[in-house]
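Enquirer: Before I ask anything, here is the structure I am working with.
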Protein chains: 2
Amino acid sequence: MYEHMNKIPGMQQDSFIIDHSSVLPLHYQVEDLLRKLIEQPEYQNGKLLPNEVDLAKKLGISRNTVRQATNKLVYERLLVRKKGVGTKVASNNITTKLNKWSSFTHEMDEKGVKFKNYSLKISWEVADAELSKVFKIDKKTKILKLERVRGVASEPIVYFISYFHPRVGLTGDEDFSKPLYEMLENEHHTTAVISREGISAILADDELSEVLKVAVGDPILFRKRVVFDPGERLIEYNLGYYRADRFTYTIDIERG
Amino acid sequence: MYEHMNKIPGMQQDSFIIDHSSVLPLHYQVEDLLRKLIEQPEYQNGKLLPNEVDLAKKLGISRNTVRQATNKLVYERLLVRKKGVGTKVASNNITTKLNKWSSFTHEMDEKGVKFKNYSLKISWEVADAELSKVFKIDKKTKILKLERVRGVASEPIVYFISYFHPRVGLTGDEDFSKPLYEMLENEHHTTAVISREGISAILADDELSEVLKVAVGDPILFRKRVVFDPGERLIEYNLGYYRADRFTYTIDIERG
DNA sequence: TTTGTTCATATGTTCATACATACCAAATAT
DNA sequence: ATATTTGGTATGTATGAACATATGAACAAA
């Protein structure tokens, strides 16, 4: 019998890709695979993904599992499905084009691209009223405080203050120049899952003007952030002061 | 044979709830039902939802369909699942408690709670370079411009400028004092789905200080927003100027 | 008292299957 | 030439069944 078996463009081998014996759920493996796949320029340019039935056959799994994976990406707005047509990468060119009005975006912040640490200070601070309330711990407890100034080559852009919950078990001797959340994941079994943020605008005071090299009274984007683990336990409390002339915060929101 | 058939607390009748003949997908009906169900104080207080198998049996549908519905709510962080235990309402108390550091939140903005319109101005503006680029239309095209000042009883808080894509078909005679997106939905078949935002901090200039009743040089939270329909077509281009002393922007973010 | 073990229960994953519905384009009728 | 029908293809919805795995509680052993 002649099986057609189209090659899926941009995909490595015929199979070997999905590991049925892995502990990782199949849908998760597919999701991963798709993420890599759709990075390819052809898909970025609007080419339809291989259809679900073919893909399932190709990977040796059921269509439901393929759907489970694509569903996630659709929910994340990475993919767009169209009934009777197919699935393709969402046109996110809008984002990049519209973001021209700012030179710095949230993504860069998250991935730490191009950013370097200007200064790093680690200290232990005794919890005051605010910290004890945020972390729900006694007022006298010592909390690890991490201060960072980060920016691009020529200038500082953001001033971070991080407080870490004692539960995480940081000693202060860790290498904080490495990506923070990776470090927490690998060395402290702490996974950062959600972060809740509040953003406001303030004016630079003496300290901020000194740290960020701006004039007193310059506008500063102020962000408070609380990071949780999957069990919704607080991991980190983070204050961020961004130079408003160099930084814009970009967000996608869904409307019910 | 004795069937146990537990009553599901807080639920109306035994059935009649799920309408198999409805055009609405079952999973959607279940989702709706769950949304209403978990509003009940008992579930808000941490009571476990009825388990999936029971619920499926109770509603006369398959477990998969129940899961499809709950999945959505889990993704929205309304529900938390725990293997071997059950599903319950996510403890969102964290949000509300932590938000005390600001008096105004994003939610209030979205729902328009307590806000009233101070002034309203409708005009037609000829697209300049920026607008023609954003809307991808000719430079000479006329675009409906809506200016609003909104706030609470005693003071203005935010100054909005909205531009609407000609495709939407607004005439300028609409009642813009009604909730905007409802109006678009009902009267212009235009559903607002996602909005992409950029947030920055600026200083109040003469115009803003006049409109928002603040001093020149006061910090202003500046937001650009583009609103799309489900087909990712641009509906609205919106500029928002928020008094930073009265407004904080609150966001939940997921970390991959 | 503490530490294993077992067991019931609930969610987590996956499959095979079926039918519904939207879209597009080619064939056909007007 | 221009509607209209129709078939092919794709996603959308829904079922039922099975097995995997995490949790917590009851129970038993150290």
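Enquirer: Every residue in region A:58-71 that is over 28 Å from the mean Cα position of the chain (by Cα), within 11 Å of DNA strand C (Cβ to nearest atom) and crowded, with 18+ Cβ neighbours inside 10 Å, please.
Expert: Matches in region A:58-71: A:59, A:61.
Enquirer: Check B:52, B:31 and return the single one that is open to solvent by less than 40 Å² (accessible area, probe 1.4 Å) and within 12 Å of DNA strand C (Cβ to nearest atom).
Expert: Criteria check complete, one pass: B:52.
Enquirer: Now, a different point. Return the residues of region A:72-89 that are within 11 Å of DNA strand C (Cβ to nearest atom) and touching a Phe, Trp or Tyr at 6+ places or on another chain (Cβ under 6 Å); say none if nothing qualifies.
Expert: None; the set is empty.
For (1) within 30 Å of residue A:129 (Cβ to Cβ); (2) within 16 Å of DNA strand D (Cβ to nearest atom); (3) modelled with pLDDT of 85 or more, each residue gets a yes or a no:
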| position | (1), (2), (3) |
| --- | --- |
| B:18 | no, yes, no |
| B:34 | no, yes, yes |
| B:45 | yes, no, no |
| B:60 | no, yes, yes |
| B:86 | no, yes, yes |
| B:93 | yes, no, no |
| B:96 | yes, no, no |
| B:101 | yes, no, no |
| B:112 | no, no, no |
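Enquirer: Pull up region A:66-84, narrow it to residues that are under 14 Å from residue A:55 (Cβ atoms) and more than 9 Å from chain B (Cβ to nearest Cβ), then point me to the one that is nearest to DNA strand D (Cβ to nearest atom).
Expert: Applying the filter and picking the extreme gives A:81.
The values are calculated or read from the model by the stated rules, or taken from the named source; none is laboratory data. Every value quoted in this text rests on a predicted model; they were computed, and no experiment measured them. Reconstructed Cβ throughout: ideal geometry from the backbone, glycine too, with neighbour counts over all protein chains shown. Surface accessibility is based on the protein's heavy atoms, side chains included, excluding ligands, DNA and RNA. Shrake-Rupley method; radii C 1.70, N 1.55, O 1.52, S 1.80 Å.
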